[in-house]
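The structure appears below as structure tokens.
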């Protein structure tokens, strides 16, 4: 009886979900405005090993809908830091913190306008063990994982910006431009 009541309540609330204001970001699949906009993003070169990893991660994510002639350019600057956290009595570090921060700008190639200027970042802890190889491997794995997390955050931000740009009415030309 309790189960039937919960089912009836859920069915009764379903019509209210349509008016909640949530809209699917990728409605329409690969032909949607957001997917097409992301496919038209060209990722610029990023310095260093972390930059190479970030560029690869971003290119994989924005190019998922196929390759289109670039309309936007994504400029990214990374700040990759590795700092010691836990210090033992003998002044050796027992734990490190790897932080990856990205400042990125989405630029309209045709006009040179900056459509989005934002930052994204994440951090991870790394245990220092007696094996130097294991420590270096853990630091590199942390960088790879952080790169994926930050790339996902950047692409989500780009998708929201491109959705809002696609939903905006076309700009009216001023009398001087006509």
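We did not get these values from a lab; they are worked out from the coordinates using the rules stated. Remember, it's a predicted structure, so these values are computed and weren't measured experimentally. Please note: Cβ atoms are built from the backbone with ideal geometry, for glycine as well, and neighbour counts cover all protein chains shown.
Screening the candidates 53, 74 for the property of being assigned to a helix (DSSP H, G or I) and closer than 17 Å to residue 155 by Cβ yields one hit, 53.
Could you list, in sequence order, all residues of the stretch 89-130 that are part of a loop (DSSP other than H, G, I, E, B), touching a strand residue (DSSP E or B) at 6+ places or on another chain (Cβ under 8 Å) and within 29 Å of residue 69 (Cα to Cα)?
First, pick out the residues of the stretch 89-130 that are part of a loop (DSSP other than H, G, I, E, B): 89-92, 109-113, 128-130.
Imposing the further condition that a residue be touching a strand residue (DSSP E or B) at 6+ places or on another chain (Cβ under 8 Å) reduces the set to 109, 113, 128.
Residues satisfying the conditions are 109, 113.
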